[in-house]
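A quick write-up on the structure given underneath.
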2 protein chains.
Amino acid sequence: MNGNKTHIGTSPATGFVSSYLLYLLAAASEAASKQFHLRVREMGLRIPEWRVMACLHDQDGLMITQLAHYALMEQSRITRIIDQMVTRGLVVRHNDTVDGRRVRIYLTDEGQALSSELVKAAKAHELQLLKGLSSDDARNIKPALQALLSSLEDIADLD
Amino acid sequence: MNGNKTHIGTSPATGFVSSYLLYLLAAASEAASKQFHLRVREMGLRIPEWRVMACLHDQDGLMITQLAHYALMEQSRITRIIDQMVTRGLVVRHNDTVDGRRVRIYLTDEGQALSSELVKAAKAHELQLLKGLSSDDARNIKPALQALLSSLEDIADLD
DNA sequence: GCAAACTATATGAAAATACATATAATCATA
DNA sequence: TATGATTATATGTATTTTCATATAGTTTGC
């Protein structure tokens, strides 16, 4: 109601940072996730747990290493997150039958239910985000991000 | 040379996650930053320190709270990062003359030198990233991210 | 079938981060 | 000008995250 509260813009209006690609990516990622992440926490999950759930929703029975890769986290961190999720009854560990080193993670019934619900909410939220953009921007943003990602994967494959 | 090493894609090829906007944003942000962040650490800085330096490069003398906002970090974290940067001689704290609660942060000469060098490197790296994209994607990506950001700021202003 | 190299996961310990709250300065106003 | 509300920063503490490395299973080459 009042305009008193000093409004601090997202970044200094002018200067390097505010139009720096890596800043825009980080800021957009954070800002866009903010509302949905609130929702995730309301459902009693932490963000890393939600990421694991989303991956398992797509493909149940992933290995620790694969989860680390897909969920953009370090292996030892995934191991501990899985520990907690097992305790909470969201997932179970099973040893791979052919390679005893591998541990495959499966959603429990409760985990399935929760992940389905959250994925549904995530899709709805994504639509909301895209509706806030011009049709041009809405059309362009994902392809641009995917192009950036794939150009970087190419580089990573050069080893 | 060999194709033996199992190639793990960035995310399950199919399914929800791999084309989910929030995933693409987080993954693109992480992947795009990766190389440059290596460089930052080679220069002896941690990533949060670099972010602070970049903000101060744009606008020296920012307050703790402003730094937290611009550098996408929590206030108490900024306070401790500044502690370390002061110890390292990269910045100094000065009390604001008109409002004694405020603490303004200024780059030292060493901090200025380092931030200039890193900003130059960041700009060069950004050009490299954009060169890896089609001209369409390169042209579209920043406006799309900025549009997303500003659409979200509008929402945040509704309180 | 054994040793060495490799891969997958787990774990110990240090460091970073978040969350709640303390401290201190300013502001509004009666 | 005292009081309560507000703002800016700092700090205590618990939790999370990282980093290095341990453990255990597998593969390769002899």
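Principal-axis analysis of the Cα atoms of chain A puts helix A:21-42 at an angle of about 60° to the longest axis.
Counts of other chain beta carbons within 10 angstrom of each beta carbon in peptide B:131-144 average 6.
For region B:23-133, the share of accessible area belonging to carbon and sulfur comes to 49 percent (1.4 Å probe, ligands and nucleic acids excluded). In a simple Cβ point-charge model (Lys, Arg +1; Asp, Glu -1; nothing else charged), the protein assembly as shown has a dipole of about 440 debye relative to its Cα centre.
In region A:54-75, the residues whose accessible area drops by at least 50 square angstrom when the other protein chains are added to the isolated chain are A:Asp58, A:His69, A:Tyr70, A:Leu72; the probe is 1.4 Å and only protein heavy atoms count.
Ligands, DNA and RNA are left out, and with a 1.4 angstrom probe the accessible area of region B:23-133 is 50 Å² per residue. The helix-only estimate of mean residue ellipticity at 222 nm for chain B, built from DSSP H runs of length n ≥ 4 each weighted as -39500 (n - 2.57), is -21000 deg cm²/dmol after division by the residue total. Summed over both chains, the contact between B and A buries some 5900 Å² of accessible surface at a probe radius of 1.4 Å. Angle of helix B:135-156 to the longest C-alpha principal axis of chain B, folded into 0 to 90 degrees and rounded to 10: 50°. For the pairs A:Lys142/B:Lys142; A:Lys34/B:Lys34; A:Lys120/B:Lys142, flag any whose C-alpha to C-alpha distance is greater than 18 Å. From the list (A:Lys142/B:Lys142; A:Lys34/B:Lys34; A:Lys120/B:Lys142), the Cα-Cα distance tops 18 Å for A:Lys34/B:Lys34; A:Lys120/B:Lys142. Of the residues A:Ile81, B:Ala54, A:Thr14, the one whose Cα sits farthest towards the positive end of the charge dipole of the protein assembly as shown is A:Ile81 (charges of +1 on Lys and Arg Cβ, -1 on Asp and Glu Cβ, taken about the Cα centre). The angle between the Cα long axis of helix A:47-58 and the main principal axis of chain A comes to about 60°, on a 0 to 90 degree scale. As a ratio to 2.2 N^0.38 Å, the alpha-carbon radius of gyration computed for region A:63-132 takes the value 1.33.
The values are calculated or read from the model by the stated rules, or taken from the named source; none is laboratory data. Computed from a prediction, not measured in an experiment: that's the story for all the values here. As a convention, Cβ positions derive from the backbone with ideal geometry for all residues, glycine included, and neighbour counts pool all protein chains shown. Heavy atoms of the whole protein, side chains included, go into the accessibility calculation; ligands, DNA and RNA do not. Shrake-Rupley method; radii C 1.70, N 1.55, O 1.52, S 1.80 Å.
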